[in-house]
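Enquirer: Before I ask anything, let me first share the structure, which is written out below as structure tokens.
The values are calculated or read from the model by the stated rules, or taken from the named source; none is laboratory data. Note that the coordinates shown come from a computational prediction; the quantities given were computed from them, not determined experimentally. Methodologically, a virtual Cβ is constructed for each residue, glycine included, from the backbone with ideal geometry; neighbour enumeration extends over all protein chains shown.
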């Protein structure tokens, strides 16, 4: 399955935004970075990154630019837009709230 | 997404549409770059070249699918997909022009007929009768309890009540009207006038006359002899005389001056309008204007600014309850009147008195029409189905390559939407034409004067029909594509299961069933005019003229009326050709409720129903009704004492009351406790329903001193001169009296005539249905024969003869036709039941189960479908086994 499950799809967008907030990256570098930070938890094929990237771009949260890289090659670099920054903040806050709530629930002990 | 975000992304979205190719190239380069980098990485890890490439591709995932998914994220991908589908639909339409054309024509007929008729129904039943601000228009329906009108009847208003509402209501500006027939002397025929209050046109929303002017308020206060004509009337009856205003026309002996022409675009129903205060001068039987307890005025109104319908209702109820109190206090009668009100928007369907009937009529009209649409849809379904099956290889390939089935279903849906939309667009023409055509058939003289145009409601209906047609006609092809067995389809041969597909059988059954219902309706209505004309009612119809008289016979005027009748009788008998006069209580082909007749000793309530006709002694000879037993009335019978007066009964009555016995000399008890002795038995007649023997009937002898009743004149010689002579005689006696003498046969003819036009319309629709059924059955069969060619080839190789194959095809299809007929019967029965209920008070003989109708429809349909079957079946038997098998 190249299409990640829904839950992961949502978090994938968040992760991509977060990583791009740190520095502009091209697709491959981004996928490497994703693997690196998430370990093997996110079982996503490399390719499924691209539909996600293009969707984020269409939504205006990230923008892309072809830039030269090492030894005369060029690659499409993605970076966060102002809108994307705001969206990321909101989503991160959301995520924080939900995950706190969920972990609070999970930490409940039977009385 | 928030608005500003949306705004921000517009350029991006636009770019993705406009610079498609560029974006494609970009995406390809981007993906390639990713894979290249991965390969490099893998090489660096020490894999060899081939391994590195394969590993990189593997971790990347399905390149094609991912690219598709990315396309999907680009803006307006759905639009693009739709466009592809439309192009595809267009190509496949061009590839099979003839079947597509048939399907489109069938659809446009189906949709067009439906919308056209709906346009008509919409204008007649659903719309308020005003063009100007329909929301403020109301119509008032009073309902009285504790009055003679009956508790659940909707009635009209008395003059007093109307005046009270007019003076006291703040919420409503009211107008009133009544229809009244008068004699239009220029044409010498009866026309219906509308007697209106002088603000009538204003309340209806027509402010300017087409010519001249409308009534002035003062013309109602003193009842001026003026009239406003409608545009259709002016055109059809007066030749659109441009100088008509100011001229005088004669109505029932009264001269009235034309003051204006009402425009036809204002939904004004009626031909001749008169001030309502003229009513007493036309109506000789009763003065309604001053009568305190005769409701006669229908009322409409306009809501004043700031008032809602509920406000108006509350206000009017208060006014009416005050009127009720005044009425009860003033009157000495036992009636304790209480009024309730219903306020509607004025459309016919909201009229509480006829609402259920109108809904029934609409169901009966739109029901068969939707069957035509369904037939058209099944034609289209067939087209798509055969196309889907023919393309099953291609579709299977698409599915195998990863096309989603939803996407496929969408494609098929768009294809059918495409065809249906073309049909729908064509049908708009029909929607404009059909109402006019129907009006032309029903009443050619008025067709061109009434404007009926589709409006948004009609187009809404059209849209619903198109949506329904799309879904219905694409259901089966989608199902076929959905359930496609990939393996067999890819191998290029159908499994045996799909060959005798249930779908094709089902389609034949559906088409036969639907058209059976329509043909039944056509046969039923087609028979009626002939049935009416060809029947033998058991009495004379041609040589007997009915003279409808409208004379005040109330006790105050009785002496005068008696003189009038006696003089008239003498004068009519003096007309050359007139033989005898007769009076009867019942009118032929009118249904009156039966009375309870008892035998001596029976308690009230235990008797049996029979119709009672109070006739003069000359009745039987005038109507040529034979005595079978005993004697008929003598003129002297009338002078006998009340206790043993004579009665003549019909055969049916004798059978009912004394089965097997001799009725002569027996005594019966009338509802008013009168005892009558049976002196004779006469033959049964068919005078209630067309072509149906009457139930038990008893004839009583009318007292010679009675006045009123239905007058009939028996004559010899030609009809017209006699009718004219009678009319002139009546006019000579009383110049204001309106009569149009007609023979019984002539009035029957008029009825048959109107049924003929209705039958014509239904016949046209049924022919369309039949045509659709034939093309449908033909296309289904030729499709399934094509599918079975290989099977036939193999059978022939194995020794089956052409005859046996033909026979098996014939048997199979006949079975389907049979099932279709049974289903059709099951559909037609409830419709007939409803129809019967609606027509229960008309003289039309509609049986619930008419074997002639069903039998002949079934025969016709079977014959036609067998013809449609012949060609495909014949072609199937001509199959050359070698050629078929060689393609294996």
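Enquirer: Which is within 30 Å of residue A:32 (Cβ to Cβ), at pLDDT below 85 and within 12 Å of chain A (Cβ to nearest Cβ), of B:7, B:66? Spell out how you get there, then give the answer.
Expert: Details: B:7 fails: within 30 Å of residue A:32 (Cβ to Cβ).
Checking each option against the conditions leaves just B:66.
Enquirer: With a cut-off of at least 1 residues that are more than 41 Å from the chain's Cα centre (by Cα), name the strands (runs of 3 or more DSSP E) lying wholly within the range B:580-670. Let's see the steps before the verdict.
Expert: Numbers: elements: B:595-597, B:608-615, B:627-630, B:645-650, B:667-669.
Counting at least 1 such residues, we get B:627-630, B:645-650, B:667-669.
Enquirer: Based on what the data block shows, is residue B:75 at the interface with chain A (Cβ under 8 Å from one of its Cβ atoms) and at pLDDT below 80?
Expert: On the way: at the interface with chain A (Cβ under 8 Å from one of its Cβ atoms): yes; at pLDDT below 80: yes.
Yes.
Enquirer: Out of the range B:676-691, which residues are in contact with a helix residue (DSSP H, G or I) (Cβ under 6 Å, 6 or more places away or on another chain) and assigned to a strand (DSSP E or B)?
Expert: Matches in the range B:676-691: B:677, B:681.
Enquirer: Could you pull out every one of the strands (runs of 3 or more DSSP E) wholly within the range B:185-255 that has 1 or more residues that are surrounded by fewer than 19 Cβ atoms within 10 Å (Cβ to Cβ)? Steps first, please.
Expert: Working: elements: B:189-196, B:226-230, B:248-251.
It comes to B:189-196, B:248-251.
Enquirer: A follow-up question, please. Check the range A:101-108 and report whether any residue there is surrounded by 11 or more Cβ atoms within 10 Å (Cβ to Cβ) and either within 14 Å of chain B (Cβ to nearest Cβ) or at pLDDT below 85 (or both).
Expert: Within the range A:101-108, the subset surrounded by 11 or more Cβ atoms within 10 Å (Cβ to Cβ) is none.
No; the residues of the range A:101-108 include none that is surrounded by 11 or more Cβ atoms within 10 Å (Cβ to Cβ) and either within 14 Å of chain B (Cβ to nearest Cβ) or at pLDDT below 85 (or both).
Enquirer: Suppose we filter the range B:708-741 for residues that are buried (at least 20 other Cβ atoms within 10 Å of the Cβ) and within 17 Å of residue B:613 (Cα to Cα); how many remain?
Expert: Matching residues across the range B:708-741 total 2.
Enquirer: Here is a follow-up. For residue A:35, all conditions in the list (1) without any contact (Cβ under 8 Å) to a residue 12 or more places away in the chain; (2) facing chain B (nearest Cβ under 9 Å); (3) closer than 18 Å to residue B:61 by Cβ hold save one; what is the number of the exception?
Expert: Looking at each condition in turn, residue A:35 falls short on (2).
Enquirer: Can you tell me which of B:460, B:424 is assigned to a helix (DSSP H, G or I), modelled with pLDDT of 75 or more and within 14 Å of residue B:377 (Cα to Cα)? Even if it seems obvious, please write down each step before you answer.
Expert: Numbers: B:460 fails: within 14 Å of residue B:377 (Cα to Cα).
It is B:424.
Enquirer: Please verify whether residue B:411 is closer than 29 Å to residue B:101 by Cβ and part of a helix (DSSP H, G or I), treating the condition exactly as stated. Show your work before the answer.
Expert: Details: closer than 29 Å to residue B:101 by Cβ: yes; part of a helix (DSSP H, G or I): yes.
Yes, satisfied.
Enquirer: Taking the conditions exactly as written (closer than 30 Å to residue B:788 by Cα and not assigned by TED's automatic domain parsing to the domain that holds residue B:161), does residue B:430 satisfy them or not? Before the answer, list the steps.
Expert: Details: closer than 30 Å to residue B:788 by Cα: no; not assigned by TED's automatic domain parsing to the domain that holds residue B:161: yes.
Here the answer is no, as residue B:430 does not meet what is asked.
Enquirer: Inspect all residues belonging to the range A:62-84 and state whether any of them is more than 9 Å from chain B (Cβ to nearest Cβ) and in a helix (DSSP H, G or I).
Expert: yes
Enquirer: Could you grab me the full set of residues in the range B:27-62 that are more than 7 Å from every other protein chain (Cβ to nearest Cβ) and under 17 Å from residue A:51 (Cα atoms)? If you could, list the steps in order and put the result at the bottom.
Expert: Kept after step one, since they are more than 7 Å from every other protein chain (Cβ to nearest Cβ), are these residues of the range B:27-62: B:27-29, B:32, B:35-36, B:39-58.
If the condition is that a residue be more than 7 Å from every other protein chain (Cβ to nearest Cβ) and under 17 Å from residue A:51 (Cα atoms), then B:27, B:28, B:29, B:32, B:35, B:57 are the ones that fit.
Enquirer: Can you find a residue in the range B:292-306 that is under 36 Å from the mean Cα position of the chain (by Cα), without any contact (Cβ under 8 Å) to a residue 24 or more places away in the chain and not assigned by TED's automatic domain parsing to the domain that holds residue B:553?
Expert: Kept after step one, since they are under 36 Å from the mean Cα position of the chain (by Cα), are these residues of the range B:292-306: B:294-304.
Of the ones still in play, those that are also without any contact (Cβ under 8 Å) to a residue 24 or more places away in the chain are none.
No: the range B:292-306 contains no residue that is under 36 Å from the mean Cα position of the chain (by Cα), without any contact (Cβ under 8 Å) to a residue 24 or more places away in the chain and not assigned by TED's automatic domain parsing to the domain that holds residue B:553.
Enquirer: May I pose another question? Go through (1) free of Cβ contacts under 8 Å to residues at least 40 places away in the same chain; (2) more than 14 Å from chain B (Cβ to nearest Cβ) one by one and return the number of the condition residue A:58 breaks.
Expert: All conditions pass for residue A:58, except number (2).
Enquirer: (1) farther than 22 Å from residue B:65 by Cβ; (2) assigned to a helix (DSSP H, G or I); (3) at pLDDT below 75: which one isn't true of residue A:40, the others all being true?
Expert: Failed condition: (2).
Enquirer: A follow-up question, please. Got a sec? Which of A:67, A:35 is surrounded by fewer than 18 Cβ atoms within 10 Å (Cβ to Cβ) and either farther than 24 Å from residue B:33 by Cα or in contact with a strand residue (DSSP E or B) (Cβ under 6 Å, 6 or more places away or on another chain) (or both)?
Expert: On the way: A:35 fails: either farther than 24 Å from residue B:33 by Cα or in contact with a strand residue (DSSP E or B) (Cβ under 6 Å, 6 or more places away or on another chain) (or both).
The unique qualifying residue is A:67.
Enquirer: Here's another thing I want to ask about it. Quick check on the range B:767-805: of everything there that is under 15 Å from residue B:871 (Cα atoms) and surrounded by fewer than 17 Cβ atoms within 10 Å (Cβ to Cβ), which residue is modelled with the lowest pLDDT?
Expert: Residue satisfying both the conditions and the ranking: B:786.
Enquirer: Which condition does residue B:568 not pass, out of (1) touching a residue at least 24 places away in the same chain (Cβ under 8 Å); (2) part of a loop (DSSP other than H, G, I, E, B); (3) in the same structural domain as residue B:653 (by TED's automatic domain parsing), if it passes all the others?
Expert: That leaves (2) as the condition not met.
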